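Read through the structure below, which is laid out as structure tokens, and then see the notes.
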Amino acid sequence: MAVQSIPVSRNISLRMVLACELVEVRPMTVMMRGFLQEQGVPEEEIQACELALAEAANNAIKYASAEAARKEIQVDVVCGLDQLELRVNDNTAGFEWPRQIELPVVDQETGRGLFLIQSLMDRVNYLRGSGQNCLVMKRKRSAFSHKIESEFQSESERRIAESEKVVRDMAEELSFCYESLSAIFRCSADLGKTNDLGDFARRLLTDLAQITSAEWFVFRMTSSAEQRLEVFASSDSSVLLPALSLAEGGAKSVEADAALAREDVWFDHLNPLKSGDPLAKIRPGSVGLVHPIFLGDSLIGTLTIAKTAGSGAFTAVQANVIHTFADFLAIQIVNSRYTDELVRSRLVSRELEIAKTIQRSLLPKTIPRLSGYGLAGFCESAHQVGGDFYDVIKINDDAILLIIADVMGKGIPAAMFAAILRSLLRAVPEWMNQPAALLGRVNRLLFEELSGVDMFITAQLVYVDSRARSLTAASAGHCPLLLALDEEGNVKALSPEGLPLGILPETTFSNQTEVLPKNCRILLYTDGLTEARNVSGEFFGQDRLVRWLRKSSQSKQPAEQLKDDLAAELIAFQSAASLSDDQTFLIMAE
């Protein structure tokens, strides 16, 4: 017996083809029973259909001629929303269906099957043809079946609602990212014009409150060697809040608790602010969080942001936005603090130390591991600190993204743009295997700000796939990547086309893909290496760098040792000459 399920519009059909033999009837009715059970048909209706179908099939077999018995019988079961339909195609000579069917007398041999079918079904039609006939039996479905359909529709609606929520959440996150970048760039530009950090903090946090639908905020900064927290900016200046002491466990305040625990503290209706907490004076019953702001190991302050209990707690996306604004504000505060010291002491070198600190914070504390390869990075800052930095982002166990960049200019502006560039590159992990496309996106986001201050950035991104043994490089006007191909010293320079970031708003970058041979070496570097000078004014140059890489390829030194070797080579060349530019490089060795 052959079986086939056929979906027809919102109906579901089962087609069975059986030989013209009585032994085929029972398996056919069992198959039909299972099919109707799967569609949620009640047992009473299944039994009626089973009896009617068995009787019809028996008649189709019993009254078939010898020639017709060699042909197959087709049975269709159609399960719709409102009714069940059974069709039996027989190959008999056929007969005239009685207009009225009554229960036969006891001793009558025929007619009982037709009466049974008529009794079990709501409607019966017998279509007589030449050589083939079709018995069509229909029965209405009960209200229970509509309940099943209703539940099916409810499940579909639930899944659609879930999909729509995912789309809304993604749109919300993209909107938050756009609004956050816009607010940060706008406030940063205004800070450069006025140098009023208090006004900058209030406007930045006001923008943050609007983006996250918050209703009030309090920003405190540390003073007296980080022993006190004092209000620096607040959404309601009419509420006077006392300073908080952090000595000996601090005051009874969630702000002090967050600062001492170095982690966020949330408050809501389940964990409300205590009556003695200074924040309780602002708006009792609020829900929100306190975020302690650290730069390195130094406590900068705390940011409290909240809203009324009826509007619900902050989402995870909103919490991430709060962290981003707070960390950016911390950098501005640190810059401002050091700048004030520089102005008072007339020591311009202090400003450069700030930039150096920021620049160092961009470098990875530990370099991720890549299967089969070693990695090592080096960054030495000159007195005139620039915007050099490198980064290594692990995508998975077999893939990483190598980043090296050089912001044109010196001091804090260069270091700040380096920080923004690093954040933008890390913000879209799904693009990291497309270096050229990632550079294009970053260029569009940074162009207005870079061009506004006549600055640009050179950068190089290299996607490495250890499983495929390949690299894909893209460059924004950066120094060529050097690839040592073998132990014989063959070196290939990769320099994909692309203008520096910030030159044009729409720039096309290109990818260059290379196979990684065995025992290969990869060197990414900034122009601080090739433009390094000795006491005679001679440049270190790219040729000298290539010769060093060719020589190093003949040994089996790991990446860390190669880093130390190249750093020593640079020191020996420069001798007593001071650095005129940052020297930064990344080495990968198999």
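Any read-out appearing in this document is the output of simple, stated calculations on the displayed coordinates, not a laboratory observation. Just so it is clear, the model here is predicted, and its values are computed rather than measured. Heads up, the Cβs are rebuilt from the backbone with ideal geometry, glycines too, and the neighbour counts pull from every protein chain shown.
Using the 2.2 N^0.38 Å rule of thumb for compact globular proteins, work out how segment 238-341 stacks up: its C-alpha Rg over that value, please.
Ratio of Cα Rg to 2.2 N^0.38 Å: 1.12.
Please express the Cα-Cα pair-distance distribution P(r) of segment 351-589 as a list of whole percents, one per 10 Å bin, running from 0 to the bin with the greatest distance.
8, 34, 38, 18, 2
Report the Stokes-Einstein translational diffusion coefficient (µm² s⁻¹, integer) for segment 461-510, Rh taken as the Kirkwood radius over Cα pairs, at 10 °C with viscosity 1.306 mPa s.
For the chosen part, D equals 128 µm²/s.
Report, in whole Å, the centroid distance computed from the Cα atoms of segment 435-456 and segment 462-487.
22 Å
If you take the beta carbon distance between R15 and E430 as r and set R0 to 45 Å, what does 1/(1 + (r/R0)^6) give as a FRET efficiency, to the nearest 0.05?
Using R0 = 45 Å, I get an efficiency of 0.45.
Sorting check: for 68-78, 453-463, 534-544, 423-433, which peptide has the highest mean count of neighbouring beta carbons within 10 Å, and how do the rest follow?
Peptide ranking by packing, descending: 453-463, 68-78, 423-433, 534-544.
Treat segment 2-141 as a sphere of radius equal to its Kirkwood radius over Cα pairs and apply Stokes-Einstein at 25 °C in a medium of 0.890 mPa s; give the translational diffusion coefficient in µm²/s, rounded to a whole number.
159 µm²/s
Evaluate Rg over Rh across segment 387-479, taking Cα atoms for both radii and Kirkwood's formula for Rh.
When Rh is taken as the Kirkwood radius, the ratio is 0.98.
If r is the Cβ-Cβ distance from K140 to E72 and R0 is 30 Å, what FRET efficiency results, to the nearest 0.05?
0.50
Take each of the peptides 484-491, 402-409, 435-442, average the number of other beta-carbon atoms within 10 Å over its residues, and list them starting from the highest.
Sorting 484-491, 402-409, 435-442 by mean packing, highest first, produces 402-409, 435-442, 484-491.
Using a simple spin-label model with points 7 Å from Cα along the Cα→Cβ vector, what separation in nm is obtained for R547 and S510?
Here the answer is 3.1 nm between the modelled labels.
How far apart, in nanometres, would the label points at Q227 and R441 be if each is projected 7 angstrom from Cα along the Cα-to-Cβ direction?
Placing both labels 7 Å along Cα→Cβ, they lie 4.9 nm apart.
Based on Cβ point charges of +1 for Lys and Arg and -1 for Asp and Glu, what charge dipole magnitude is obtained for segment 2-141 about its Cα centre, in debye rounded to the nearest 20?
The dipole of segment 2-141 has a size of about 360 debye.
Quick check: residue separation of V453 and N519 times 0.36 nm, minus the Cα distance between them. What number comes out in nm?
That works out to 19.4 nm of additional length.
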